[in-house]
Amino acid sequence: MYGKIINGKSVGCYQLGWTIQKLKEKISGDFTEESLAHHYTITTTKNIKFWIAKEKNIVTQIMVFGSYNGKFEDSIGIGSTISDLRQIGMNYSKEDYIYTLPDYPGICFEL
């Protein structure tokens, strides 16, 4: 699956801030839903996982994994390395096994 990653806004056609009902209408294909303490999660067969806050009933986080081939800033995606971040001049910081991009709040990579 392909879809541009836009910080604080969207992954492909999926938008942060959507209600769970709108998200389910837009998902093509099968998905699984799980209820956690404060969130619902929806995981699609197209390598995307969503977190929906129970209190506000909106999408608060979107994660891509597996064979998702969309890119952030048209250059960083699954399979990118720390060397790739350095090469294009992106600042990053490490927190345990998660790398965050201070200039782009909300964007992170798990290694």
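Some points to look at:
- Reachable aspartates and glutamates from LYS54, criterion Cα separation under 14 angstrom, eight or more residues apart if same chain: GLU33, GLU34
- The spread of Cα positions in the chain, taken along each principal axis and listed from longest to shortest, comes to 41, 27, 20 Å.
- Computed lengthening from SER75 to ASN91, 0.36 nm per intervening residue step minus Cα-Cα distance: 4.3 nm
- The share of accessible area on the chain that comes from carbon and sulfur is 49 percent, using a 1.4 angstrom probe.
- Under DSSP loop assignment and at most 14 Cβ neighbours within 10 Å, longest chymotrypsin sites (Phe, Trp or Tyr not before Pro)-free interval of the chain: 3-64
- Cα gyration tensor shape for the range 1-56, rounded if a/c is under 1.5, else prolate or oblate: oblate
- The fraction of Cα-Cα pairs per 5 angstrom bin, counted from 0 for the range 45-102, comes to 4, 14, 20, 23, 19, 13, 6, 2, 0 percent, rounded to whole percents.
- Residue-span extension gain [THR41 to GLN15] - 0.36 nm each, minus C-alpha spacing: 7.9 nm
The values are calculated or read from the model by the stated rules, or taken from the named source; none is laboratory data. As the structure is a prediction and not an experimental result, all values here were calculated from the model. Cβ: placed from backbone, ideal geometry, glycine included. Neighbour counts: every protein chain shown. In case anyone asks, the SASA skips ligands and DNA or RNA and just uses the protein heavy atoms, side chains included. Shrake-Rupley method; radii C 1.70, N 1.55, O 1.52, S 1.80 Å.
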